[in-house]
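Have a look at the structure below, then the notes.
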Amino acid sequence: MTVPFRSPVSPVSARRRVLVTGGAGYVGSHACKALYRAGFLPIVYDNLSNGRPDAVRWGPLERGQLSDTAHLRAIIARYRPVGVLHFAALIEAGRSVIAPRTFYETNVAGTLSLVNTMIDAGVRTLVMSSTAAVYGEPATTPIAETHALNPVNPYGRSKLFVEEALRDVCSAERFTATALRYFNAAGADPDGDLGEDHDPETHLIPLVIQTALGLRESISVFGTDYETPDGTCVRDYVHVSDLAQAHVLALQRMLDGGDSLIANLGTNRGYTVRDVIGIVEDVVGREIHVVETARRPGDPARLVADATLAKKVLGWRPRRSELRSIVKDAVRWIARRHQISDAAFVAEAV
């Protein structure tokens, strides 16, 4: 199914096309906006199982499955993209333990289907959305790309399998791929066009904000006895717009002749769960009801990226990934999404 598209700015004929799988989702939709701003036309290919049609604003939407190779082949033939940004995947680590076959089928088999169809069609440039979950429980932090890979759940293993498969394909074929291992995607588009809207929501920052805005009764803190400054887990939060820009830089680098790459995307700085709660309380101006509970199995104490390689090779510079900026953008988005207009926190969030 093709959804009609009307260009908001300039004629689409002058733009190079990029296929964006999962482009109706959280990170994928932000990447589409970044692509458009960089002079590309994003062609979204999404089954809309998790994505939202109203997040597709910078190019046409083609609805379909990665496993439907005939349809995917027809889409590639119609638009003749110069490359692919691949976001289509299942990402809930906890659910992957319960339904591993579904995760391997979607994340591994789906990606191989995409790569085979790309190569058959002569499209040989891919940027893949990977994850810090490939590292598992880190031995040291910040985590560099040379750290041992030991994922602790099927989600992380599925992404690692894909990375290894792409490495082999790139060695054997005229094919170039970049895998971007990002840490905790967070925030919302600074212009208010896009934001995080999962159902159910599982990510900490939107859950804390929803609690502060009265959309939830409380926020659960899983584990308060870790060896961290305040006993709660430490995570590296990266603004979603910064992640989107990294994907565009990776694509452009390969189109300009750059070779394959695996790189972390993070800020080299970690925040505890209590840090996040405190900053949200400060921005919104409301106290949050916290429920302390036991650790979740498989939650590492610290996940902080060493993103030196992405900065050096891609020229990537995260510009909005200071935690307060992330929270302010997310507060604006969630408040608008739920039609909440409290002058105190809206003014503070600007």
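I'd like to know if the stretch 280-288 contains one or more residues that are of a type outside the set (S, T, N, Q) and in contact with a Leu (Cβ under 9 Å, 6 or more places away or on another chain). Yes, the stretch 280-288 contains a residue that is of a type outside the set (S, T, N, Q) and in contact with a Leu (Cβ under 9 Å, 6 or more places away or on another chain).
Suppose we filter VAL123, VAL127 for residues that are surrounded by 19 or more Cβ atoms within 10 Å (Cβ to Cβ), over 30 Å from ARG269 (Cβ atoms) and in contact (Cβ under 8 Å) with a residue 60 or more places away in the chain; which single one remains?
Every option except VAL123 fails the conditions.
Can you tell me how many residues in the stretch 130-170 are open to solvent by less than 60 Å² (accessible area, probe 1.4 Å) and farther than 21 Å from LEU303 by Cα? Looking only at that region, the number is 5. Can you pull out the strands (runs of 3 or more DSSP E) entirely within the stretch 234-350 that have at least 3 residues that are within 22 Å of ASP197 (Cβ to Cβ) and either of a type in the set (Gly, Ala, Ser) or within 17 Å of the chain's Cα centre (by Cα) (or both)? Qualifying strands (runs of 3 or more DSSP E): 237-239. Against the test of being touching a Phe, Trp or Tyr at 6+ places or on another chain (Cβ under 7 Å) and of a type outside the set (Asp, Glu), the options THR232, THR211 yield a single qualifying residue, THR232. Of all residues in the stretch 209-217, one or more are in contact with a Ser or Thr (Cβ under 8 Å, 6 or more places away or on another chain) and crowded, with 22+ Cβ neighbours inside 10 Å. For the stretch 167-205, the tally of residues that are more than 24 Å from GLN252 (Cβ to Cβ), in contact with a strand residue (DSSP E or B) (Cβ under 8 Å, 6 or more places away or on another chain) and not in a loop (DSSP other than H, G, I, E, B) stands at 4. Taken over the stretch 1-21, the criterion of being open to solvent by 10 Å² or more (accessible area, probe 1.4 Å) and modelled with pLDDT of 95 or more is satisfied by ARG16, ARG17. Where the second residue is of a type in the set (D, E, K, R) and buried (at least 18 other Cβ atoms within 10 Å of the Cβ) and the first is in contact (Cβ under 8 Å) with a residue 40 or more places away in the chain and lies in the stretch 54-82, which pairs have Cβ atoms under 6 Å and are six or more apart or on separate chains? Listed by first residue and then by second, the contacts come to TRP58/LYS33; ILE75/GLU62; TYR79/ARG17; PRO81/ARG17. Considering only the stretch 91-105, state which residues are polar (S, T, N, Q) and either open to solvent by less than 10 Å² (accessible area, probe 1.4 Å) or under 12 Å from PHE161 (Cβ atoms) (or both). SER96 - this is the single residue of the stretch 91-105 that is polar (S, T, N, Q) and either open to solvent by less than 10 Å² (accessible area, probe 1.4 Å) or under 12 Å from PHE161 (Cβ atoms) (or both). Candidates are the residues of the stretch 278-321 that are within 19 Å of ALA139 (Cβ to Cβ) and modelled with pLDDT of 95 or more; the one that is surrounded by the fewest Cβ atoms within 10 Å (Cβ to Cβ) is THR308. Number of residues in the stretch 171-193 that are buried (at least 22 other Cβ atoms within 10 Å of the Cβ) and more than 22 Å from ALA307 (Cβ to Cβ): the value is 0. Counted as qualifying within the stretch 50-158 are the helices (runs of 4 or more DSSP H) with 1 or more residues that are of a type in the set (S, T, N, Q) and out of contact with any Phe, Trp or Tyr (no Cβ under 8 Å at 6 or more places or on another chain), namely 69-79, 100-103, 110-121. Just one of (1) open to solvent by less than 20 Å² (accessible area, probe 1.4 Å); (2) modelled with pLDDT under 95 fails for LEU114. It is (2).
The values are calculated or read from the model by the stated rules, or taken from the named source; none is laboratory data. Since the structure is predicted, the reported quantities are computational estimates derived from the model, not experimental observations. Positions of Cβ are generated from backbone atoms using ideal geometry, with glycine treated the same way; all protein chains shown enter the neighbour counts. Accessible surface areas use protein heavy atoms only, side chains included; no ligands, DNA or RNA. Shrake-Rupley method; radii C 1.70, N 1.55, O 1.52, S 1.80 Å.
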